[in-house]
Ligand code: NAP
């Protein structure tokens, strides 16, 4: 029997990058995985195909988390997808991974970008939890994907960093709120991971090498590096860990 047999996991932003890696890992551990995406349906289908080819179970569903009715759309599409799989609306694991980035330095910032990043990175995860509380089973797991930028100054993208600070604060408060139900809530904080999010910073070998050198292991992180940490936190073995900020940056900025 696998660690997550019989469990249902939702991974937001699982069409690409770290979210895809997390979806693959949780499916390999036996969960039925709901692969959420915002607009890139082809990529989400590819995530599902990769999981199915490996013998796992998954389906894709869409909700643009920047839209005002994001939470309604999200749960309607999720429920429809679960019903197609013959499953009820309940779930065991929510990984809040989807996020936007690229707010720029303080002088580049616009009000529109600020509002969009806070809508996708902060408002959406908080209200997804609020609306999901009566479907999330006791003993369940919430993992919020944060970032090293909440502990190490990152003026390159000040608003993005602020949104991740809010994610850490949300993690702490919800861990206390949901503890009596046996639900753990933790944040996982990657450093630089090679995904579309930072492709613009890796346009030359020198720039890529400089990012790699931030880690004591002298390489960029991979989605699997982060997914394996999430895989542990959602397992029964991590039942005594909650409200924590788990650095998964490969020893960046030690
Ligand atoms: P990514 O490759 O850019 O993928 C972003 C994912 O989020 C995609 O699945 C995308 O869906 C979804 N998404 C973005 N905006 C959305 C919206 N408005 N509505 C719904 N879905 C939306 O990002 P990543 O690098 O894997 O990042 C994943 C998480 O790790 C994020 O929380 C990020 O802040 C965090 N993180 C990343 C790094 C890094 O170096 N990569 C470092 C620290 C923290 P579509 O495919 O449909 O667009």
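Every number here is computed from the coordinates shown, using simple stated rules; none is lab data. All values reported here derive from a predicted model rather than from experimental measurement. So basically every Cβ, Gly included, is an ideal-geometry build from the backbone, and we count neighbours across all protein chains shown.
Evaluate the following for residue 102: is it under 22 Å from residue 147 (Cα atoms), in contact with a helix residue (DSSP H, G or I) (Cβ under 7 Å, 6 or more places away or on another chain), in a helix (DSSP H, G or I) and in contact (Cβ under 8 Å) with a residue 12 or more places away in the chain?
On the way: under 22 Å from residue 147 (Cα atoms): yes; in contact with a helix residue (DSSP H, G or I) (Cβ under 7 Å, 6 or more places away or on another chain): yes; in a helix (DSSP H, G or I): no; in contact (Cβ under 8 Å) with a residue 12 or more places away in the chain: yes.
For residue 102, the condition - under 22 Å from residue 147 (Cα atoms), in contact with a helix residue (DSSP H, G or I) (Cβ under 7 Å, 6 or more places away or on another chain), in a helix (DSSP H, G or I) and in contact (Cβ under 8 Å) with a residue 12 or more places away in the chain - is not met.
Filter region 127-157 down to residues that are away from the ligand (no atom under 14 Å from the Cβ) and in a helix (DSSP H, G or I) and give me whichever is nearest to residue 18 (Cα to Cα). If we take residues in region 127-157 being away from the ligand (no atom under 14 Å from the Cβ) and in a helix (DSSP H, G or I), then 129 is nearest to residue 18 (Cα to Cα). Farther than 29 Å from residue 241 by Cβ, in contact (Cβ under 8 Å) with a residue 40 or more places away in the chain, part of a helix (DSSP H, G or I) and touching a helix residue (DSSP H, G or I) at 6+ places or on another chain (Cβ under 8 Å): does that describe residue 114? So residue 114 fits the description; yes.
Among the residues of region 175-224, the ones that are more than 16 Å from the ligand (Cβ to nearest atom) and in a strand (DSSP E or B) come to 1 in all. Scanning region 31-61 for residues that are near the ligand (Cβ under 10 Å from one of its atoms), farther than 15 Å from residue 73 by Cβ and in a strand (DSSP E or B) turns up just one, 35. Return a yes/no flag: does region 75-86 have any residue that is under 18 Å from residue 133 (Cα atoms), within 13 Å of the ligand (Cβ to nearest atom), more than 18 Å from the chain's Cα centre (by Cα) and surrounded by fewer than 24 Cβ atoms within 10 Å (Cβ to Cβ). Yes, region 75-86 has at least one match. Quick one: is residue 33 without any contact (Cβ under 8 Å) to a residue 40 or more places away in the chain and touching a helix residue (DSSP H, G or I) at 6+ places or on another chain (Cβ under 9 Å)? For residue 33, the condition - without any contact (Cβ under 8 Å) to a residue 40 or more places away in the chain and touching a helix residue (DSSP H, G or I) at 6+ places or on another chain (Cβ under 9 Å) - is met.
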